[in-house]
Amino acid sequence: MAKQAAPLQQLIDQFSRFSGVGRKNATRMAYQVMGMTDAEADALADAIRAAHRRLHRCKVCQDYTEEELCPICQSTKRDRSVICVVESPRDVTAFERTREYNGLYHVLHGLFSPMDGIGADQLCIRELLARLQDGTVKEVIMATSPTVEGDVTATYLARLIKPLGIKTTRLAYGLPVGGSLEYADGTTLYRALSGRGEM
Ligand SMILES: [Zn+2]
């Protein structure tokens, strides 16, 4: 079998880094890029570069934003007494789609996963605790996925937060067990949120 040209090989290696993308799909994606016009390929490369250079984590909630604070943290219309704790920025988008939640968020950027070596230090927990010190927050909703990692993370956080005299709640799960929040439809997510129970 003839070896692929080095630049093509590099492109396949880069696409292989995406989770869920195997060698075969990475190869398919690389050939799709080769089928693009120069302008299309440039636009793709520019979009990746711009997202990386211009976006960073919001100083407060850790979601991605172009400014120092994200629009939700900046808003005067949001209820500042509630924080919804989620695994990833994708989950913020999912909750915002329901249009029913008016509180704030906190993005952990991961869940506990001892097998992958992910513990408290790799998650944005310190940043969350810092937000709970001034007495504004009355409730923290644990909106991590209904998976083992999601449950362990929620239980760990609840143990840290309860002693601060703040109510800790967990989403009610009509959500598919083992499923990811981002795939739940708006109605399911809204029900999970409004049926939440104290931990
Ligand atoms: Zn923010």
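Would you mind stating whether VAL82 is away from the ligand (no atom under 12 Å from the Cβ) and surrounded by 14 or more Cβ atoms within 10 Å (Cβ to Cβ)?
Working: away from the ligand (no atom under 12 Å from the Cβ): yes; surrounded by 14 or more Cβ atoms within 10 Å (Cβ to Cβ): yes.
Answer is yes for this residue.
How do the pairs read when you match residues in region 85-105 that are assigned by TED's automatic domain parsing to the domain that holds THR65 and over 12 Å from ILE141 (Cβ atoms) with residues anywhere that are within 12 Å of the ligand (Cβ to nearest atom) and part of a helix (DSSP H, G or I), using Cβ under 9 Å and keeping only pairs 6 or more apart or on different chains?
Here the result reads VAL92/ILE72; GLU96/ILE72, each pair linking region 85-105 to a residue that is within 12 Å of the ligand (Cβ to nearest atom) and part of a helix (DSSP H, G or I).
Okay, residues lined up against (1) surrounded by fewer than 17 Cβ atoms within 10 Å (Cβ to Cβ); (2) in contact (Cβ under 8 Å) with a residue 60 or more places away in the chain; (3) in the same structural domain as THR98 (by TED's automatic domain parsing):
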position: PHE112; (1), (2), (3): no, no, yes
position: LEU132; (1), (2), (3): no, no, yes
position: VAL140; (1), (2), (3): no, no, yes
position: ARG159; (1), (2), (3): yes, no, yes
position: LEU181; (1), (2), (3): no, yes, yes
position: GLY186; (1), (2), (3): yes, yes, yes
position: TYR190; (1), (2), (3): no, yes, yes
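Being open to solvent by 90 Å² or more (accessible area, probe 1.4 Å) and in a helix (DSSP H, G or I) is the filter; apply it to region 1-22 and report the residue that is modelled with the lowest pLDDT.
It comes out as PRO7.
Being near the ligand (Cβ under 9 Å from one of its atoms) and either over 20 Å from ARG126 (Cα atoms) or basic (Lys, Arg) (or both) is the filter here, so list the residues in region 59-71 that pass it.
If the condition is that a residue be near the ligand (Cβ under 9 Å from one of its atoms) and either over 20 Å from ARG126 (Cα atoms) or basic (Lys, Arg) (or both), then LYS59, PRO71 are the ones that fit.
In this structure, is HIS56 within 16 Å of the ligand (Cβ to nearest atom) and either open to solvent by 70 Å² or more (accessible area, probe 1.4 Å) or out of contact with any strand residue (DSSP E or B) (no Cβ under 7 Å at 6 or more places or on another chain) (or both)? Lay out the reasoning, then the answer.
On the way: within 16 Å of the ligand (Cβ to nearest atom): yes; either open to solvent by 70 Å² or more (accessible area, probe 1.4 Å) or out of contact with any strand residue (DSSP E or B) (no Cβ under 7 Å at 6 or more places or on another chain) (or both): yes.
When the stated conditions are applied, HIS56 passes them.
Just to be sure, is ARG90 among the basic types (Lys, Arg), at pLDDT below 95 and touching an Asp or Glu at 6+ places or on another chain (Cβ under 8 Å)? I'd like the intermediate steps shown before the answer.
Values: among the basic types (Lys, Arg): yes; at pLDDT below 95: yes; touching an Asp or Glu at 6+ places or on another chain (Cβ under 8 Å): yes.
Yes, satisfied.
From ASP79, ASP13, ASP38, ASP63, which residue is in contact with a helix residue (DSSP H, G or I) (Cβ under 6 Å, 6 or more places away or on another chain) and of a type in the set (Asp, Glu)?
On the way: ASP79 fails: in contact with a helix residue (DSSP H, G or I) (Cβ under 6 Å, 6 or more places away or on another chain); ASP13 fails: in contact with a helix residue (DSSP H, G or I) (Cβ under 6 Å, 6 or more places away or on another chain); ASP38 fails: in contact with a helix residue (DSSP H, G or I) (Cβ under 6 Å, 6 or more places away or on another chain).
The match here is ASP63.
Go through the residues of region 91-102 one by one and say whether even a single one is open to solvent by 20 Å² or more (accessible area, probe 1.4 Å), within 14 Å of the ligand (Cβ to nearest atom) and β-branched (Val, Ile, Thr).
yes
Residue check: is THR37 away from the ligand (no atom under 16 Å from the Cβ) and β-branched (Val, Ile, Thr)?
Working: away from the ligand (no atom under 16 Å from the Cβ): yes; β-branched (Val, Ile, Thr): yes.
Against the criterion (away from the ligand (no atom under 16 Å from the Cβ) and β-branched (Val, Ile, Thr)), THR37 qualifies.
Condition first: open to solvent by less than 40 Å² (accessible area, probe 1.4 Å) and either over 22 Å from ALA94 (Cβ atoms) or part of a helix (DSSP H, G or I) (or both). Now tell me which residues in region 142-157 satisfy that.
So the first thing to find is which residues in region 142-157 are open to solvent by less than 40 Å² (accessible area, probe 1.4 Å), and the list is 142-147, 150, 153-154, 157.
Matches in region 142-157: GLY150, THR153, ALA154, LEU157.
The values are calculated or read from the model by the stated rules, or taken from the named source; none is laboratory data. Everything quoted here is computed from the prediction, not taken from an experiment. All Cβ positions, even for glycine, are placed from backbone atoms using ideal geometry, and neighbour counts span all protein chains on display. Please note that ligands, DNA and RNA were not included when accessible areas were found on the heavy atoms of the full protein model with its side chains. Shrake-Rupley method; radii C 1.70, N 1.55, O 1.52, S 1.80 Å.
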